[in-house]
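The structure appears right after this line, and notes come after that.
Readers should treat all values here as calculations from the given coordinates under stated rules, not as data from a laboratory. Not measured: the values here are computed from a predicted model. All Cβ positions, glycine included, derive from the backbone under ideal geometry; neighbour counts span all protein chains shown.
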Amino acid sequence: MSGPARVTHASTRAAVLDLIRAAGMISRVGLVNASGLTGGTISTVVRGLIDEGLVAETGHAESTGGKRRVLLQLDHFARYAVGVHLDDARITYVLTNLGGAVVARISRAGAASEEPAAVVARMAREVGALIDSVGVERGRILGLGLVSARPWQFGADLGRATGLPVVLDNDATAAAIGEHWSGGVGATSTFAALYMGSDLGAGVVLGGTTHRGPGGHAGGIGHFCLDVDGPPCPCGGRGCLEVLAGPAAVVARAREDRALTRAAGLPGGRTRPATPVATDFAAISRAARQGNARALALLERSARHVAAAARTLVHALDLEVLVLTGPSFAIAGSIYLPVLREELDRAFASRGARPVAVRLSPSAASAPAIGAAAIVLQSELVPRHQGLRLPDDLAADEPPVFQRA
């Protein structure tokens, strides 16, 4: 088969497979109607998917007067994907089936103080343990998705250590994909996942398509300017959300308060803490939830800044839903959520616009890892080229593998 023909076949195969996944159960005629492909093409592709064990015939549709149509269904346990979220505080691993459901999950200490080679070796062992915990054959693993603020540092080495194909992305974008695949946003096709782990970011899905931007940096809400005369930011600007109200800023202010430092169990003084930012932020959040007024005031101040930046993001992109996700929102989301809701409700009510729904993700801690696995699944399930019509909430672009120095 020639090169262009192979590309066309792969794209068609992926489109049909994704339609079957999204529908749950669908007939060959249903696939023809949904895809715009000919009956002959659908029959050929479906036959190949059945031969590969990816799709199974599963009963018949109700009769409409003629021959009952055979229904097709994805075999969710035919293939699997691994997702890894690498953070200074925690490394989260998930194994998902072909439908995106999590079948195994583990979380281990982060890698803030380890050498890269040691981190890769440990991650390879832990990936192996994850797969072995459910007895899945390695040949049924499609690949491994690795996400973090800087995934390119480990991608090639981790691929060699695990023997699995590795795809890379940033954690905020992966969190948005994870929310989409895990059903956290329903059928919504235009939304953002506001991500908070060790820092702040946002993953954006517009019209069902993940929006990364040309350099993969779309959704950089942490560098929205909130004060032109504010403190300098490592990005070169001033008064960015990150330096005013991000997790590191919250921790720095907490350490300046001796009473709060003691209450939250933080390292004292102004010296840099030995523990990761996300770990200290979690300690402050626990103190706030336990009724410490100083901790609560500090987080509510941060929340007001985050809400102001979120308002700009929502207005600029005309979002339907904003989901709070990521490890730090997993523990502090109950404090941030009402502040963001109040800010956005007031902003939209003042101009009579459609309100935006603001939600706290039920899987906030593991959404980036779920998204990492989903990126691997997308490479198998989602069309690589334009030309096939898909419902808006199914369409998605092929994830890039970032290569950076």
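Peptides 44-54, 239-249 ordered by packing proxy, namely the average of other Cβ atoms within 10 Å per residue, highest first: 239-249, 44-54. Modelled spin labels at Val70 and Arg47, positioned 7 Å past Cα toward Cβ, are 1.1 nm from each other. Placing unit charges on the Cβ atoms only, positive for Lys and Arg and negative for Asp and Glu, gives region 103-232 a dipole magnitude near 480 debye about its Cα centre. Extension gain, Arg238 to Met25: 0.36 nm times the residue separation minus the Cα-Cα distance gives 71.4 nm. Between Arg304 and Ala117, the FRET efficiency from the beta-carbon distance, with R0 = 41 Å, is close to 0.45. The modelled label-to-label distance for the pair Arg354/Val103, using points 7 Å beyond Cα in the direction of Cβ, is 3.8 nm.
Stretched out straight at 0.36 nm per residue, the stretch from Arg125 to Ala149 would grow longer than its current Cα-Cα span by 6.4 nm.
Close amide-amide hydrogen proximity is noted between Arg359 and Leu322, Val323, Leu324, each under 5 Å apart and 5 or more residues distant or on a separate chain (H modeled in the peptide plane; Pro and chain starts excluded). Spin-label model, His217 to Glu342: label points 7 Å out along the Cα-to-beta-carbon direction sit 3.5 nm apart.
Net length available on complete extension from Asp132 to His315 is 61.3 nm, with 0.36 nm assigned per residue and the Cα-Cα distance removed.
Its relative contact order, with pairs defined as Cα atoms under 8 Å and 6+ residues apart, puts region 199-324 at 19 percent. Packing, taken as the mean count of other beta carbons within 10 Å per residue, orders the peptides 226-235, 302-311 from highest to lowest as 302-311, 226-235.
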